[in-house]
Protein chains: 2
Amino acid sequence: MLKSHADLLDAYALLTVRSGLNITPGQQLVISAPIEAVDLVRRVTLHAYAAGATLVTTLYADDETTLARFQKGPDASFDTAASWLFEGMAAAFKAGSARLAITGEDPGLLGSQDPEKVSRANRARSKAYRPALEYISGFAVNWCVISCATPSWAKSVFPKLGQEDAIKKLWTAIFSCSRADLADPVQAWVEHSANLRARTDFLNARRYSSLKYRGPGTDLTIGLVDGHVWKGGASPAKNGVICNPNIPSEEVFTMPHRDRVDGIVRATKPLSYGGTFIDGISVRFEGGKIIESHAANGADAFAKMIDTDEGGRRLGEVALVPHSSPISASGIVFNNTLFDENAASHIAVGQSYTETMSGGNALTPEDLAARGANKSLIHVDWMIGSGEIDVDGVRSDGVAEPLMRKGEWAA
Amino acid sequence: MLKSHADLLDAYALLTVRSGLNITPGQQLVISAPIEAVDLVRRVTLHAYAAGATLVTTLYADDETTLARFQKGPDASFDTAASWLFEGMAAAFKAGSARLAITGEDPGLLGSQDPEKVSRANRARSKAYRPALEYISGFAVNWCVISCATPSWAKSVFPKLGQEDAIKKLWTAIFSCSRADLADPVQAWVEHSANLRARTDFLNARRYSSLKYRGPGTDLTIGLVDGHVWKGGASPAKNGVICNPNIPSEEVFTMPHRDRVDGIVRATKPLSYGGTFIDGISVRFEGGKIIESHAANGADAFAKMIDTDEGGRRLGEVALVPHSSPISASGIVFNNTLFDENAASHIAVGQSYTETMSGGNALTPEDLAARGANKSLIHVDWMIGSGEIDVDGVRSDGVAEPLMRKGEWAA
């Protein structure tokens, strides 16, 4: 029996509220979404109220007005951000509100704008967003990121299709990758999480000192912090609520040491950052820091991104995803980190997640830094996995054990 | 030459930015709008950036999710409001941001919901909004209220028309009442403001002690505070920016004394408050306080509204509008205060505007109260003017002078 789009959208909304956020009675929910996601937001809102949410507030973003700023705004605009709004969001999280982010913005929206202005605007926004982001990166409350097939995003993924067909095809891929099209999506996520948990249990038992990557254009060693914790799938936030921060999610991830990354690595998928496409990235690390970077397209945007601050050139996350993951198997390049990062092993420059260090949530910023956690206004994932990548886990005694071979789990 | 809808919408947006808000370079702008107003918001945003706004942020509201809360939300929901968001807005105004409110919500949205829940939700919202409202009622920054013809609002105004015709007819009325359909709307507002200014100059020179209303079901005396100031049309906010807080606006208004209102008054138009229609209102004042109230429909909602707090039963504004005003002449009952209050003389229960008392902006809350200003979480206008109302201005020596006869200026 084929489900209608409305049924699938509703199942996806219910999955988001139950498995993604796991809204608890009495909790507020703050949603951010592109304005085209209004139908999805309405369904999520209904399910959230039915689950006992006291108030659902949606902050809509509109690509057209984002663009208007670059077309007509004065120069001072690009160092300005809505600090008042982000401080409000931080207050909501502090008071225990759950958080849903719906992605779907045009990945190439700002591609033809002045990269200097784009970079300034992104930096101002990151800085203003910091008070709110800290509650998210510190996992203080249950949160989740999902997506919505907007016209512009769909067009960028399927440029040869007509608008309607592109949207339809993207929705089909979203529902499928999110397991929302299964008979019982919530139960499917229980099982999926158990599988990811078995993988993190294995990795946590091995306690590797570092990971070694080898493949075309890649020869990289990533040191892991002492007491690193592999995470993946459902996980309890500090408020005790077990949630799935990403739907879909195929990754297991942990904390690299900010000073112990060395070698070269080549990205295997394009990256969309702040409305600009960056493709053909290749960088060299020394002592944890990117000391050389190249990109075939968007090199300027990439250079500006890692120059956001001191921590922008160092890693905050390392994640392993088998090449045969359902998202990778779809063969689609989504131009959207939520999907692409779950299609391939990846690394992220910028802010660490304290939950990926044992006891990290209780440490001061100084102690976190001393133990190798990275701090930055940004957290940007980029893909380095493919069917040609081998990964070894290196034990503290220096012995290397095969972890992945040709992109698949070997252990 | 007939202008297209797109041209008129653009002229209306430009009028809003220039005459309504008078955005100054370097200022942020915070817009609140129904989600159906996205086209109008985009045009306002473009014009605001062109005028030098550094950042335009729109907070969209969606009637469907408002309704979802009443359909599915838990009981605790109705004492909850997005305090974090309103505190954020207050921070924006404190930092000098301009404010645009676009109205257009369904005036009967919550008509079939439990009045007790509606009242609790309105009260919680008013209380949470207070920190932001104080910057508006204190005229700290330039602000403006305009409107957008949404499907549900249009349907309530023209219930016998098809959806498309109703929206078209409502837009035509909005453009016409707002003077946006004239050749040079900005210049038209300069002239219109000069006319309102001549009227306020006259009234300010008269220094009446009170106003006396007589008409069907109405025999009311409204004392004015000492040092009251008549306002109307363009006016400077405390930040020095001259703006038109309402488009359209046909009223001149001032501050009644919270303790000096006596007699009976019958409303001449229905009132939509917090999603409920209230019709056939009739009340009795004694010593400034409503001591008896009736309504043919929505009596419960009206009673709950004035019971919001101590100041909810007392007046915060009195406004005079000739019966022949263009809005009244349109013959349309708009079910929207922005229009209906500018079609007829009206009074408002609740919060006073400090700008309508000489030196009021500089007074402490205690001094304001001692001089007769009213304080409340609410400020709700309702219409008491018609073609059958006479108004006298009563001098401090007790002599009454004819001010309006049969709803028209007599002086």
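When region B:91-141 is filtered for residues that are aliphatic (A, V, I, L, M) and farther than 21 Å from residue B:16 by Cβ, the ones remaining, listed by number, are B:91, B:95, B:109, B:110, B:118, B:121, B:124, B:128. Go over the candidates A:70, A:93, A:86 one by one and state the one that is hydrophobic (A, V, I, L, M, F, W, C), in the same structural domain as residue A:11 (by TED's automatic domain parsing), at pLDDT 95 or above and closer than 17 Å to residue B:51 by Cα. None of the others qualify; the one that does is A:70. Kindly indicate whether residue A:195 is surrounded by fewer than 21 Cβ atoms within 10 Å (Cβ to Cβ), in contact with a His (Cβ under 9 Å, 6 or more places away or on another chain) and at negative phi. For residue A:195, the condition - surrounded by fewer than 21 Cβ atoms within 10 Å (Cβ to Cβ), in contact with a His (Cβ under 9 Å, 6 or more places away or on another chain) and at negative phi - is not met. Looking across region A:103-123, the residues that are open to solvent by less than 20 Å² (accessible area, probe 1.4 Å) and more than 12 Å from chain B (Cβ to nearest Cβ) come down to A:104, A:107, A:110, A:118.
Remark: pairs (first residue in region B:19-40, closer than 19 Å to residue A:73 by Cβ; second residue among the basic types (Lys, Arg) and surrounded by 23 or more Cβ atoms within 10 Å (Cβ to Cβ); Cβ separation under 6 Å; 6+ apart in sequence or on different chains) = B:30/B:99. The single residue among A:178, A:152 that is crowded, with 21+ Cβ neighbours inside 10 Å and in contact (Cβ under 8 Å) with a residue 24 or more places away in the chain turns out to be A:178.
Considering every residue within region A:71-82, establish whether at least one is within 10 Å of chain B (Cβ to nearest Cβ), touching a helix residue (DSSP H, G or I) at 6+ places or on another chain (Cβ under 9 Å) and more than 26 Å from residue A:116 (Cα to Cα). No, that holds for no residue. Residues in region B:98-113: is at least one at pLDDT below 95 and out of contact with any helix residue (DSSP H, G or I) (no Cβ under 7 Å at 6 or more places or on another chain)? Checking region B:98-113: at least one residue is at pLDDT below 95 and out of contact with any helix residue (DSSP H, G or I) (no Cβ under 7 Å at 6 or more places or on another chain).
If only one of B:240, B:162, B:217, B:227 is surrounded by fewer than 16 Cβ atoms within 10 Å (Cβ to Cβ) and touching a Lys or Arg at 6+ places or on another chain (Cβ under 6 Å), which one is it? None of the others qualify; the one that does is B:217. Take residue A:279 and tell me if it is over 21 Å from residue A:403 (Cβ atoms), open to solvent by 40 Å² or more (accessible area, probe 1.4 Å) and in contact with a strand residue (DSSP E or B) (Cβ under 9 Å, 6 or more places away or on another chain). When the stated conditions are applied, residue A:279 passes them. Where helices (runs of 4 or more DSSP H) fall entirely within region B:296-411, those with at least 2 residues that are under 27 Å from residue B:188 (Cβ atoms) are at B:326-329, B:337-340.
Where helices (runs of 4 or more DSSP H) fall entirely within region B:1-102, those with at least 2 residues that are buried (at least 24 other Cβ atoms within 10 Å of the Cβ) and touching a Ser or Thr at 6+ places or on another chain (Cβ under 6 Å) are at B:38-50.
When region A:1-45 is filtered for residues that are at the interface with chain B (Cβ under 10 Å from one of its Cβ atoms) and among the β-branched types (Val, Ile, Thr), the ones remaining, listed by number, are A:30, A:31, A:35, A:38, A:41, A:44, A:45. Residue check: is residue A:221 assigned to a loop (DSSP other than H, G, I, E, B) and β-branched (Val, Ile, Thr)? Considered against the rule, which asks whether it is assigned to a loop (DSSP other than H, G, I, E, B) and β-branched (Val, Ile, Thr), residue A:221 comes out as no.
Let's see how each residue does on (1) touching a residue at least 40 places away in the same chain (Cβ under 8 Å); (2) surrounded by fewer than 24 Cβ atoms within 10 Å (Cβ to Cβ):
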site: B:339; (1), (2): yes, no
site: B:349; (1), (2): yes, no
site: B:365; (1), (2): no, yes
site: B:374; (1), (2): yes, no
site: B:390; (1), (2): yes, yes
site: B:409; (1), (2): yes, yes
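The values are calculated or read from the model by the stated rules, or taken from the named source; none is laboratory data. Note that the structure is a prediction, hence the values are computed from the model and not measured. Ideal geometry is used to build each Cβ from the backbone, glycine not excepted, and the neighbour counts take in all protein chains shown. Areas reflect the complete protein model, heavy atoms only, side chains present, ligands, DNA and RNA absent. Shrake-Rupley method; radii C 1.70, N 1.55, O 1.52, S 1.80 Å.
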